[in-house]
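Visitor: Below is a structure I'd like to ask you about.
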Amino acid sequence: MKLWKRKLYRVVMGGLVPAVYLITKDPLIPALISSFFLFWLLLMEFERYLHPNFWAWLLKHSPGIFKTKPGVLTGDTNFMIASFISVLYFPFPVAVSNLLFLTFGDAVSAIIGSKYGKMHIFPGKTVEGLLSGILLNSMIGLLLSFHFAVSFEILFTGILIGCILEVLPLKLDDNLTVGIVPGIVMTVLFHNINSFAS
């Protein structure tokens with residue numbers, strides 16, 4: 001499966017939770033959706049652990065679909081963990097913004113970086129991909145700042161932190177770090193600024 005198809009799948013599946021949350025403004029249904037997918041993804045992880053030879057065969061014959069070797073959680077599982085945590089623990093505007101940034105920023109940076117990237121920062125990470133992710137998420141953040149009671153400065157801080165974490169060669173999966181750390185920072189800023197204003 002080509003990169004753009006993988007990312008299209010991620011946008012459709014990853015955008016489901018924040019879209020439902022944005023419509024309902026209630027964490028219950030998004031939490032149920034993310035927990036449902038997380039349950040099945042964890043079952044898949046368990047299956048991968050029990051039958052590593054089968055998954056090694058899939059890795060060999062299904063390039064681009066399964067990228068992670070047995071014993072390490074897939075990006076989809078880490079993504080859904082981040083979605084579940086975001087819905088449960090982050091304020092509504094932060095959770096929605098954080099998940100939209102994670103979904104769309106990752107997709108556009110990967111596609112632009114792989115197709116047009118010339119200036120490499122780290123292996124698989126380019127300046128062009130980084131800047132395209134920041135630009136798209138900034139546009140999304142600007143629109144959200146008009147819709148939510150949260151400033152663009154807070155959202156942009158989360159965007160920058162997420163993009164930096166994505167390009168750094170960390171051992172942790174970036175779906176997890178980018179999906180959680182920016183949300184924590186934006187939540188702290190959101191609560192502190194609201195407390196100061198009141």
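Visitor: Fewest first, what order do Tyr116, Tyr21 take by the number of other Cβ atoms within 10 Å?
Guide: Tyr116, Tyr21
Visitor: Fully extended, how many nm does the chain gain between His191 and Tyr49 (0.36 nm per residue separation, minus their Cα-Cα distance)?
Guide: Answer, rounded to one decimal: 47.0 nm.
Visitor: Across the chain, how many lysine pairs, 8 or more positions apart or on different chains, have C-alpha atoms separated by under 13 Å? Please give the number.
Guide: 4
Visitor: Here is a further query. Looking at the chain, do any whole DSSP H helices span at least 24 angstrom along their long axis by alpha carbon and average 1.0 or above on Kyte-Doolittle, and which?
Guide: The qualifying helices are 28-50, 127-147, 174-197.
Visitor: Note down the nm distance, to one decimal, between modelled labels 7 Å out along Cα→Cβ at Leu142 and at Trp57.
Guide: 5.2 nm
Visitor: Sort the chain into rounded, prolate or oblate with this rule: let a ≥ b ≥ c be the square roots of the eigenvalues of the Cα gyration tensor; rounded if a/c is under 1.5, and if a/c is not under 1.5, prolate when a/b is larger than b/c, oblate otherwise.
Guide: oblate
Every number in this text was worked out from the coordinates using simple rules, so none of it is lab data. Computed from a predicted structure; not experimentally measured. Neighbour counts run over all protein chains shown; Cβ positions are idealised from the backbone, glycine included.
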